[in-house]
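Engineer: Got a structure for you, written out below as structure tokens; questions coming shortly.
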Amino acid sequence: MNRYKCIGILDAQIAKRWHIEGATHRPILVYDDRIEHVREKHMVDFQSEKNIINSYYNLSKVVKNPDETFYNPSTNILEFYKKKENLFVTMKVIPGRIINVKTWYPPTKRKIHYRRKRMNYYRRKKVLKR
């Protein structure tokens, strides 16, 4: 059985901004098996096991007070970014259910730029409102 920890709840303002109000105040959980996923997929990004574990303990900081959030309505993926920790936390949002962290990693400047550009595209196409 997978163990998990709750790293926060989805803030009402963030849910309203991305039109996912059905997920408001839902717990955000990270299951222990995600640590192994991050080791396998993002070791090069983190450069060490220690950095992965340290970032795991900082996930709640990112979720509680993100500098930026990004949402992809076609995949229901919500991402939180915290500049100080240089950390993206990616989660799957299904309204009415708990929110599961899929991964976390230190993004490149290019990745952040791409996310901002994608959000502007969605707004222009009226997929997301301002």
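Engineer: When you look at Ile28, is it surrounded by fewer than 18 Cβ atoms within 10 Å (Cβ to Cβ), of a type outside the set (D, E, K, R) and not in a loop (DSSP other than H, G, I, E, B), yes or no? Give the steps one after another, and end with the answer.
Structural biologist: On the way: surrounded by fewer than 18 Cβ atoms within 10 Å (Cβ to Cβ): no; of a type outside the set (D, E, K, R): yes; not in a loop (DSSP other than H, G, I, E, B): yes.
No: the conditions fail for Ile28.
Engineer: Just to be sure before I move on: is Pro73 touching a residue at least 24 places away in the same chain (Cβ under 8 Å) and touching a helix residue (DSSP H, G or I) at 6+ places or on another chain (Cβ under 6 Å) in the structure I sent?
Structural biologist: Criteria not met by Pro73.
Engineer: Check the range 31-38 and report whether any residue there is surrounded by fewer than 18 Cβ atoms within 10 Å (Cβ to Cβ), over 13 Å from the mean Cα position of the chain (by Cα) and part of a strand (DSSP E or B).
Structural biologist: Taking the range 31-38 as the starting set, the residues that turn out to be surrounded by fewer than 18 Cβ atoms within 10 Å (Cβ to Cβ) are 31-33, 35-37.
In the following step, the residues that additionally are over 13 Å from the mean Cα position of the chain (by Cα) were identified as 31-33, 35-37.
Now narrow it down to the ones that are part of a strand (DSSP E or B): 31.
Scanning the range 31-38, I find at least one residue that is surrounded by fewer than 18 Cβ atoms within 10 Å (Cβ to Cβ), over 13 Å from the mean Cα position of the chain (by Cα) and part of a strand (DSSP E or B), so the answer is yes.
Engineer: Continuing with the same structure: Which count do you get for residues in the range 77-101 that are under 16 Å from Cys6 (Cα atoms) and exposed (fewer than 14 other Cβ atoms within 10 Å of the Cβ)? Steps first, please.
Structural biologist: Of the range 77-101, the ones under 16 Å from Cys6 (Cα atoms) are 80, 89-93, 97-101.
So of that shortlist, the ones also exposed (fewer than 14 other Cβ atoms within 10 Å of the Cβ) come out as 97.
The number of residues fulfilling the criteria is 1.
Engineer: Take Glu40 and tell me if it is of a type outside the set (A, V, I, L, M) and either in contact (Cβ under 8 Å) with a residue 12 or more places away in the chain or touching an Asp or Glu at 6+ places or on another chain (Cβ under 9 Å) (or both). Explain how you work it out, then say what you get.
Structural biologist: Numbers: of a type outside the set (A, V, I, L, M): yes; either in contact (Cβ under 8 Å) with a residue 12 or more places away in the chain or touching an Asp or Glu at 6+ places or on another chain (Cβ under 9 Å) (or both): no.
Considered against the rule, which asks whether it is of a type outside the set (A, V, I, L, M) and either in contact (Cβ under 8 Å) with a residue 12 or more places away in the chain or touching an Asp or Glu at 6+ places or on another chain (Cβ under 9 Å) (or both), Glu40 comes out as no.
Engineer: Run down Ser74, Ser55 and say which single residue is within 14 Å of the chain's Cα centre (by Cα) and either surrounded by fewer than 20 Cβ atoms within 10 Å (Cβ to Cβ) or modelled with pLDDT of 95 or more (or both).
Structural biologist: Answer to the selection: Ser55.
Residues are listed down the side, and each one gets a yes or a no for (1) closer than 22 Å to Ala12 by Cβ; (2) in a loop (DSSP other than H, G, I, E, B); (3) at pLDDT below 95:
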{"residue": "Phe70", "(1), (2), (3)": "yes, no, yes"}
{"residue": "Met91", "(1), (2), (3)": "yes, no, no"}
{"residue": "Ile94", "(1), (2), (3)": "yes, yes, yes"}
{"residue": "Lys102", "(1), (2), (3)": "no, no, no"}
{"residue": "Pro107", "(1), (2), (3)": "no, yes, yes"}
{"residue": "Asn120", "(1), (2), (3)": "no, no, yes"}
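The values are calculated or read from the model by the stated rules, or taken from the named source; none is laboratory data. Every value quoted in this text rests on a predicted model; they were computed, and no experiment measured them. Because the Cβ atoms are built from the backbone with ideal geometry, glycine has one as well, and the counts that use them run over all protein chains shown.
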